[in-house]
Amino acid sequence: MSTLLTVISVNDGKIKRSSLEVLSRCNELAADNGLKSAALVIDANASDIAEKLKEYGPDTIYTIENPIFKNHLNTPVLKALSTALDHIQPQLVAFPSTESSKDVLGALAANKEAAALSDMSEFELTENGVKGKRPVMASKIISAVEATGSPVIISVRSGSYDAVEKSSDASIEAIDFNFNDDELRITLKEIISSSSDRVDLSEAEAVVAAGRGVKDEEGRNMISELASILNAGIGASRALTEAGDYDPSLQIGQTGKVVSPQLYIGVAISGAIQHVAGMANSKVIVAINKDPDAPIFDIADYGLVGDLYKILPPFIEELKKIKQN
Amino acid sequence: MDEKFDCIIVGAGVAGLAAAMTLAKNNMKFLLIEKGEFPGSKNVSGGVLWGSDLNKLVPNYWEEEDAGWDRFINHRRLTFMDEQSSFSVDFKSSHFNEAPYNGVVVLRSKFDKWLAGKVEKAIAESDYAMDSFVAPNILVEEVLEEDGKVVGIRTGEDKFYADSVILAEGVNNLLTRQVGLQDKYVPADHMLTGVKEIIRFDQDVLENRFQLNGRSGMSNEFVGHATNGVEGGGFLYTNKDTVSIGLVLGLKDLREKEQTPYDILNHFKKHPAVADMIRGGEVVEYSAHVVSSGDKRVMPEKLYKAGLTVCGEAANLLMNAGKAIQGMDYAMRSGILAAEAITKAKEKGDFGESAMKAYQDTLEDSYVMKDINNFQDAVHLLHDPFMVDKMPNLICDFGRNFFSIKNEPTKKARNMFSDSVKKHASYWDLVKIGAKGAKAL
Amino acid sequence: MKFYVCIKQVPDVYAPLQIKDGQLIQDADRNVLNAYDASAVEEALVLTEQHGGEVEVVLAGPEKAKETLRKALAMGAHKGTHIVTNGDEEFDSSAYAKILAKFFSDKEYDFISCGKQSQDTDAGLAGSMMAELLDLPYATNAVDLKFSDGTLTVKRQGDAGQEIIDVPSPGLVTCSNDMNDPRIPSLKGIMQSKRKPVDTISLDDLGADISSDEVKTKVLGFEEKPEREAGKKYEGEPDEIAREVAQLLDTEENVI
């Protein structure tokens, strides 16, 4: 029986929600089509992670465990994926769309001479492959695409599907894997990480985004306070990351992070296409902007027109009260 | 690079492109500089390119499958409006169906880009294929002069030298002012602002609505309530699958009456006659542009100096005399004439004052200046408040009466007319206007 | 140092476009150099200006894409190669990767770079596919490049933060447009570009004639992005609207 394989993304020992979304979708497709759904964990602590995956319903969980995977690097990851695919022989390999998966998707596809579709917003199985939809042209339009052959390799945009818990009696199978340091072709020298206690933006259930109107320390403090009450990740527009007010890894947008939280609050965000491409999948959008004609109001569920310096303090107060009750 | 050009053209609008094409065909070495990302990106016209000069630049242009023009005009309409009515003089003739056409309607970003492509081709076929250039995205900051003669231009820190410079920089003619041919501050009195929208339809809907056949098109000019009391007029042209609709409005009058162009445009679009024409369309673009009215009082007297000529809107060559708005054709002709003067100058090896004066002489001799000179009164007449207000009201009032059939005895037309006159103006007004009109038109 | 930069001509994503019967229609024939590739060209120029060397650009595309090649030359690239395609083939990322890999198979170079994705498809696959086909060490999504002693030090925007990676030569790197602001060609650059050598070759010449059966992914059509409906606008006293919306987020949306 053929397998739909989801490659799980792990960050700092935690399973990224976007992988669970993909896994849930694959579980669904497998059930509908009489196929197997499997998950693959490539990590320094893969066996621990594997245990947690049982709550999300795959039939089998494959692991490749090796200290080399403590940090992402394409060479060993590619070798691991290649080994896993040879072993599992899936008809579909699905990744969540992350910087790490983007780093290896093309190379893997070329290595296996497999068709590849990246950044899908929807996907389903066809007789001889996969079809679905993906945004193109700076996310202005949707293109309908299909890929044929086996395996087909895809990546899926976060927020495209829901992560559904489904307890299973999954078996865990470790795959043999060796890697010598001299197989490394590139060298990872250092990682300049964004603060580890900050919420991972692309995983966050709530996001507060700061735009150009947040122009000083006082503004940024309010953003932090709002985020902390809501347990939200903090993101920023390109203007602010370029100005150095926020770390570039916090840029939300077409070429930055794509977020799909339950609650998104854009403070002084105008709603330029490039930014919207990174947050349009948010469930509830709240916008605070001085300009009543700002394009963000065309997509906001709740649009507050006014000065953020006057709106945020009472807003924060009210949220504090609600949280306390 | 120590190369010297025969000519540097500043601005790749219609005038600049026409000059460039002519120079290329005459095997001259030139540089065409455009500040926009591509020729046409910063240009706005209504707009119809009247006349047959396009055929001079691109012979048999109509035979090309995807040429840069949208439709040829074989249907013209002049509409007088009051608040609820419109009275039109409508002329359509298959006489206008033959190429080269009387006029073609264009969209600037498409047209200029296409024409620039033709210029590149002409360069490639000329003697200076490797040494003539079209350079977009470059801003000319200064015209260089030495000993009273123009010797080149400066962009950023770089200087480029030429025997002659053609200024085709458009209505914001900063360089023309820099070399002293126009005053530093031009009063708003005789300047207009043009505003327009491009409205999209399904091509069959458009062709049905405006009764178009193949590539035929319609131009409609409007006088009266179109501009809500502000001096100026309206226009509507049919493009391939869109309609250009807009207004030209007197800047000074706008200011004095405290209205905004956008409000007046919305008002215009809502007029019953206009609304019926554009129903169901989707606005896809909005643009605005300052234009001169054709009043000679704003035009620089001298359009040349040693080593330099001024063409197109930089020389305020545009006229709205009521019947049509003519800008692109003037620009084209002036560009051609400037290039010809420079070609002759090269043959004689003399780019001095008198050689450049030859350009203005030929321009004065051409239909461009002859018309501008002849129709000054028409231009003034068009901006007479009577034309914006009373006259259209009078005509529409007359029309309402004339075209109503009631179950009552019908008045004679001349009585209806005199009723309308009395209601909206006076016989004396009419006589005055009539005299002005007779002289001007 | 020899740098090859792969560039692509794409439709201008800022030009008006419409979708009719599932087909994409551009209003005007507006095509530009892919913004991500422009950053790659810019960075290659900066590095060769600092360390000496040559930048050569390679473009696989139809005849009309030649003007984009000229633009890269006007920016300062030294030479160009135009691999001419028909324009109506339905090439996907892997087809382009194969064509370019064929081109590079007999070339010598220090590094190949390209944009991390192209603005028409946003697929982001061709770069790493090429690296695999050419068996090159590679890094993607570079936001900064430094060079010394035959090694490219790449600052890569990763999931955990910024990864500093050494890529030896010969190697490949794909570039983010966050890397730099590509220079606008100067007048001198435009003038010099005409004289720079451009090799024009066909797919046949390369032996890279890819038939449409070999192309494994296809675009079936285009559709408008589903409109997200605007919700409600709150205008008024900041105090009042702030409190009102905060309450609604709790009671109506249950997101607090």
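The values are calculated or read from the model by the stated rules, or taken from the named source; none is laboratory data. The structure displayed is predicted, hence computed values, not measured ones. Cβ coordinates were reconstructed from backbone atoms using ideal geometry, including for glycine residues, and neighbour counts include every protein chain displayed. Each accessible area value is taken on the protein alone, full model and side chains, heavy atoms only, with ligands, DNA and RNA left out. Shrake-Rupley method; radii C 1.70, N 1.55, O 1.52, S 1.80 Å.
Some points to look at:
- Candidate set: segment A:236-278, residues that are polar (S, T, N, Q) and closer than 15 Å to A:R212 by Cα; chosen: the one farthest from the other protein chains (Cβ to nearest Cβ): A:S270
- Checked against (1) at positive phi; (2) open to solvent by less than 10 Å² (accessible area, probe 1.4 Å), A:I265 passes all but a single condition, namely (1).
- Within segment A:227-245, the set of residues being touching a Leu at 6+ places or on another chain (Cβ under 8 Å) and buried (at least 21 other Cβ atoms within 10 Å of the Cβ) comprises A:L230, A:A232, A:G233, A:I234, A:G235, A:A236, A:T241.
- Among residues of segment A:114-134, those that are more than 7 Å from chain C (Cβ to nearest Cβ) and touching a residue at least 24 places away in the same chain (Cβ under 8 Å), counted: 8
- So C:S128, is it in contact with an Asp or Glu (Cβ under 9 Å, 6 or more places away or on another chain), touching a residue at least 24 places away in the same chain (Cβ under 8 Å) and open to solvent by less than 10 Å² (accessible area, probe 1.4 Å): yes
- Hits in segment A:119-151 (condition: open to solvent by less than 30 Å² (accessible area, probe 1.4 Å) and assigned to a loop (DSSP other than H, G, I, E, B)): A:M137, A:A138, A:S139, A:P151
- Here segment A:29-61 is the region considered, the condition is being in contact (Cβ under 8 Å) with a residue 40 or more places away in the chain and of a type in the set (D, E), and the residue that is surrounded by the most Cβ atoms within 10 Å (Cβ to Cβ) is A:D59.
- Selected residue (criterion: nearest to the chain's Cα centre (by Cα)) from residues of segment B:156-169 that are open to solvent by 20 Å² or more (accessible area, probe 1.4 Å) and in contact (Cβ under 8 Å) with a residue 40 or more places away in the chain: B:E169
- Single condition C:K196 does not satisfy, out of (1) assigned to a loop (DSSP other than H, G, I, E, B); (2) modelled with pLDDT under 95: (2)
- Restricting attention to segment A:253-262, the residues that are aliphatic (A, V, I, L, M) and open to solvent by less than 10 Å² (accessible area, probe 1.4 Å) add up to 1.
- Test: C:L73 is in a helix (DSSP H, G or I), over 17 Å from C:M129 (Cβ atoms) and at pLDDT 95 or above: yes
- Take the conditions (1) under 16 Å from the mean Cα position of the chain (by Cα); (2) part of a loop (DSSP other than H, G, I, E, B); C:T174 misses just one of them, which is (2).
- Being facing another protein chain (nearest Cβ under 7 Å) and among the hydroxyl-bearing types (S, T, Y) is a description that does not apply to A:Y309.
- Subset of segment C:146-183 that is more than 17 Å from A:R185 (Cβ to Cβ) and basic (K, R) - its residue that is most open to solvent (accessible area, probe 1.4 Å): C:K146
- All positions within segment B:16-49 that are of a type in the set (G, A, S) and open to solvent by less than 10 Å² (accessible area, probe 1.4 Å): B:G16, B:A18, B:A19, B:A20, B:A24, B:G36, B:G40, B:G47
- Subset of segment C:9-44 that is open to solvent by 40 Å² or more (accessible area, probe 1.4 Å) and part of a loop (DSSP other than H, G, I, E, B) - its residue that is nearest to the other protein chains (Cβ to nearest Cβ): C:P16
- If only residues of segment A:164-184 that are open to solvent by less than 70 Å² (accessible area, probe 1.4 Å) and out of contact with any strand residue (DSSP E or B) (no Cβ under 7 Å at 6 or more places or on another chain) are counted, the one that is farthest from the other protein chains (Cβ to nearest Cβ) is A:S168.
- Among residues of segment C:48-69, those that are surrounded by 21 or more Cβ atoms within 10 Å (Cβ to Cβ) and in a helix (DSSP H, G or I), counted: 3
- For segment B:318-346, taking the residues that are within 10 Å of the chain's Cα centre (by Cα) and in a helix (DSSP H, G or I), the one that is surrounded by the fewest Cβ atoms within 10 Å (Cβ to Cβ) is identified as B:D329.
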